[in-house]
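*Asks:* Here you go, one structure.
The values are calculated or read from the model by the stated rules, or taken from the named source; none is laboratory data. In this text, all values refer to a predicted model and were calculated from it rather than measured experimentally. Note: ideal-geometry Cβ built from the backbone for every residue, glycine included; neighbour counts use all protein chains shown. Surface accessibility is based on the protein's heavy atoms, side chains included, excluding ligands, DNA and RNA. Shrake-Rupley method; radii C 1.70, N 1.55, O 1.52, S 1.80 Å.
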Amino acid sequence: MTSTQRSADSSVADVETQLTTPRRASRQAPLSVQPSPHSPAQASKKKHKDPAIKTSRSSPRKRTKSKRKRKWRWTDPSALATVALSIYISCSMINIHHDHYHSHHHHFYLHHDVGMINPPYRSSHHRKSQPSSFLNRKRYDICIVGAGLSGSVLAERYASQHNASVLVMEQRDHIGGNCYDYIDDETDIRVSKYGAHIFHTSYERVWDYLQQFTNWTPYEHEVVGSVGLNGTIVPIPVNIETVNALFGLEIQNTQEMDEWLAKEQVKYDNPIANSEEMALSRVGPRLYDLIFKPYTEKQWGTSPRELGPEVTARIPVRNNHDKRYFTDPHQALPSDGYTAMFRNMLNHPKIDVQVNTNYFDIKDDIDCDHRTYYTGPIDVYFSDLGWDKLEYRSLDFERKVLKNVPQFQSKPVVNHPSSSANFTRIVEYKHFLNQSSPHTVIFYEHSKAGGEPYYPVPNDRNRKLYQKYQSMAEATPNVSFVGRLANYKYFNMDQAILNALEIFDKDSTSFGGGGGGASAV
């Protein structure tokens, strides 16, 4: 790991600096870096502390306009022009000095041609501001809310395929959505801020599309679980070895495993109604009580019988010795991390990215000629209606550095379904990409009800409420609601990418002729 990579991942500003790196097979020159005239007077020089436990900023709020009246009434155009020119020259000289004085700080914006990234930093003594290049250019072909998978794919496609001007607004202080990763300061290990992300896909279109943005390191994910009071370590998902270890059996092959499962499984005459019935129909009561039930209760904060069947239906069950969590033909990790992949996707002269930016603060100040793509929570978009909020599960990440410990656990992810543990799993990122360090860092994951919205809660109440929001989305002109949060639906990474590609295919056919009605896809 080079010092440049460590610096680039250690803070948000440094992540933005990495945007100067050209994408693979880049179609344009690299970004240039200039100090921002809107930086705070004393930019922080502190070493970036644990970004894994930083929280994102405010909820949307309405803009208010000042009612203060101007008291001057000049009518002579030449006088106005003279005063404006004098002010411009004075401000330019001030900004030249300001830029020179702050050139060593981390608060800056980046631009290339018309593209740039700018965090409009706020503090108690600085009003919200935008760089001059942003203020001078309020009209875009495409506006995108969110710099995660869905938003980044759409931005890249419109810019590269149609030469469209694109504005990407991201409320967090970084690009990449929940895939964002960085280098841990104390251990020099690449970790993910929002939990482990393993890329796997059977969609050839998705796999081919991503090749232009990163090199890949093959990786087949294996997970184990510490099960029962004795903490027996067994493969997850359930396979022949899991059953043999937990119940003292000697199942040898697929046929014997199928016969054992058939005896265990609960048969239902009516369609499966919830996650408890789904799990019992697949593995029977013994495995359900040991693994499925306690893990689901911790992860979702409720009984499996209160959740839709799709929750436990997603958990694989093997009838062989296969220890892999996924069976897709393409399984790999970006060799330089996910953040670098997103950086390359957004590195285009027609794409402007604004981080630390709440869309609802500036939506009245920008014009989107073709369409706006919204990837945030759909209930937040329509919060003015005063309806109930949709439920999400979130996660807290408890970081622990182990100095002079080469390895903490045998696999990168160890699940802890037992109710005796107050966390759901432990992730040791050192295993990913075969990273080298004399130390290690682990993250305990704690599930909770509030916080960053990660997992939509699939129950009857939320399904009915989402249908109401969906009807509003469909009636909203020139806005498409895209991705996991906007559709209140769980997507794997490859599914989110494919969804965005297909939406681009559909919507871009009308590009240049004005947007049609809104869509919630």
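*Asks:* All other residues with a Cβ under 12 Å from the Cβ of Glu220 taken together, and with Lys, Arg as +1 and Asp, Glu as -1, what is their net charge?
*Replies:* My count for the surroundings of Glu220 gives 0.
*Asks:* About the Cα centre of the range 254-357, what is the dipole size in debye to 20, counting +1 per Lys and Arg Cβ and -1 per Asp and Glu Cβ, all else neutral?
*Replies:* Value, rounded to 20: 260 debye.
*Asks:* Among the aspartates and glutamates, which have Cα under 16 Å from the Cα of Lys293 when same-chain residues fewer than 8 positions away are ignored?
*Replies:* Partners found: Glu264, Glu276, Glu277, Glu306, Glu310.
*Asks:* Hey, any idea what % of the range 244-307's accessible area is carbon plus sulfur with a 1.4 Å probe?
*Replies:* Of the solvent-accessible surface of the range 244-307, carbon and sulfur hold 46 percent.
*Asks:* With a sphere of radius 9 Å drawn around the Cβ of Trp300, what net charge do the other residues whose Cβ falls strictly inside it have (Lys, Arg +1; Asp, Glu -1)? Could you put the intermediate results ahead of the total?
*Replies:* Details: positive: Lys298, Arg393; negative: Glu297, Glu306.
Charge balance in the 9 Å sphere: 0.
*Asks:* Probe radius 1.4 Å, ligands and nucleic acids ignored: give me the carbon and sulfur share of the accessible area of the range 406-507 as a rounded percent.
*Replies:* Its accessible area is 50 percent carbon and sulfur atoms.
*Asks:* Let me check something: with ligands and nucleic acids excluded, how do Arg463, Arg343, Arg157 order by accessible area (1.4 Å probe), largest to smallest?
*Replies:* On the way: Arg463 95, Arg343 15, Arg157 35 Å².
Greatest to least solvent exposure: Arg463, Arg157, Arg343.
*Asks:* So if I average 1/r over every pair of distinct C-alpha atoms in the range 363-506 and take the inverse, what Kirkwood radius in Å does that give?
*Replies:* Result for the range 363-506 stands at 18.4 Å.
*Asks:* If you add up the charges near Ser202, with Lys and Arg at +1 and Asp and Glu at -1, over every other residue whose beta carbon is less than 9 angstrom from its beta carbon, what do you get?
*Replies:* Result for the local shell: -3.
*Asks:* Moving on to the next point. Given Lys448/Lys506; Lys193/Lys403; Lys350/Lys400; Lys323/Lys464; Lys363/Lys489; Lys400/Lys464, which pairs have Cα atoms separated by over 32 Å?
*Replies:* Beyond 32 Å: Lys448/Lys506; Lys350/Lys400; Lys323/Lys464; Lys400/Lys464.
*Asks:* Quick check on packing: order 368-380, 190-202 by the mean number of other C-beta atoms within 10 Å, highest mean leading. Write down the numbers at each step before the final one.
*Replies:* Working: 368-380: 23.1, 190-202: 20.0.
Ranked by mean Cβ neighbours within 10 Å, highest first: 368-380, 190-202.
*Asks:* Say the dipole of the range 458-506 comes from +1 at the beta carbon of Lys and Arg and -1 at that of Asp and Glu; which of Pro477, Asn462, Ala500 then lies farthest toward its positive end?
*Replies:* It is Asn462, whose Cα lies furthest towards the positive end.
*Asks:* Can you work out D for the range 319-445 in µm² s⁻¹ from Stokes-Einstein, where Rh is the Kirkwood radius over C-alpha pairs, the temperature is 37 °C and the viscosity is 0.692 mPa s?
*Replies:* 166 µm²/s
*Asks:* Nearest 20 debye, what's the magnitude of the dipole of the range 140-208 about its Cα centre given +1 on Lys and Arg Cβ and -1 on Asp and Glu Cβ?
*Replies:* Numbers: 5 positive and 11 negative charges, 67 e Å.
Dipole magnitude for the range 140-208 comes out near 320 debye.
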